[in-house]
Amino acid sequence: MTPRETFDKKVLDTISDLQVPMDGKVFYEGNTPAPVMIVGFQVGAEEAKPFTSVINQVVRGLLTNMRVGHDLVMLTNLFKAPQPAAGKGVGLWVNFLFEEIKVVQPKAVILLGLYTAKAVLNLPHSDVENARRIRYVWPGRTETNFFVTYPPELLAVAPPRVGLSAQGVGFVQDLKAVFEADGQHFDRLVAVKG
């Protein structure tokens, strides 16, 4: 078995132990290895694969418009199963994410939204705006750089208007900073302590 297959089996066995029906759902999409991982909070109840809900289609559309190929990105979620398994302990899913990072070997992990960022990095911030524009590192746990940006639900303007919200524009700026310069020109570097 490849490292990816071994990891996938471990996650699926855990989800099965939690007695959560997956009904053909997959918890990631993309290549292994991949230079960038984009991590959402949890699998939507209606999603067969990550980032396919109406809200998350905005993320996929922005990546396409930026000409970011599927070979460059792995899409995944912190919580690998929909509710009620998501509430079975954040620590379980954070540990799985770090195992997945070892398998995928990204240079950068983009965390979507404050809940995801707080769970993964133990951040003290009370809003996404204060967590953005910072390159986070976690010495001793992984060599990967972490970045925080807005969650998908804040990216589009409310109907009947069309287009990106102010947060959507910020999201695009954050992605460009990561893809064009590996986040090296972010405002600050913060070492995370577990």
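The values are calculated or read from the model by the stated rules, or taken from the named source; none is laboratory data. Keep in mind that this is a model prediction, so the values were computed, not measured. Cβ sites come from the backbone with ideal geometry, for glycine too, and all protein chains shown count toward neighbours. Calculation scope for accessible area: heavy atoms of the full protein, side chains included, ligands and nucleic acids excluded. Shrake-Rupley method; radii C 1.70, N 1.55, O 1.52, S 1.80 Å.
Here are a few things to note about the model shown:
- Sulfur and carbon atoms: percent of accessible area, the stretch 52-141 [1.4 Å]: 54 percent
- Of the listed residues ASP174, ASP17, ASP127, ASP8, the order by accessible area with a 1.4 Å probe, largest first, is ASP17, ASP127, ASP8, ASP174.
- Sites SER16 and GLU143, calculated FRET efficiency, Cβ-Cβ separation with R0 22 Å, nearest 0.05: 0.10
- Extended-chain gain in nm, criterion 0.36 nm per residue less alpha-carbon gap, GLN105 and GLU129: 5.9 nm
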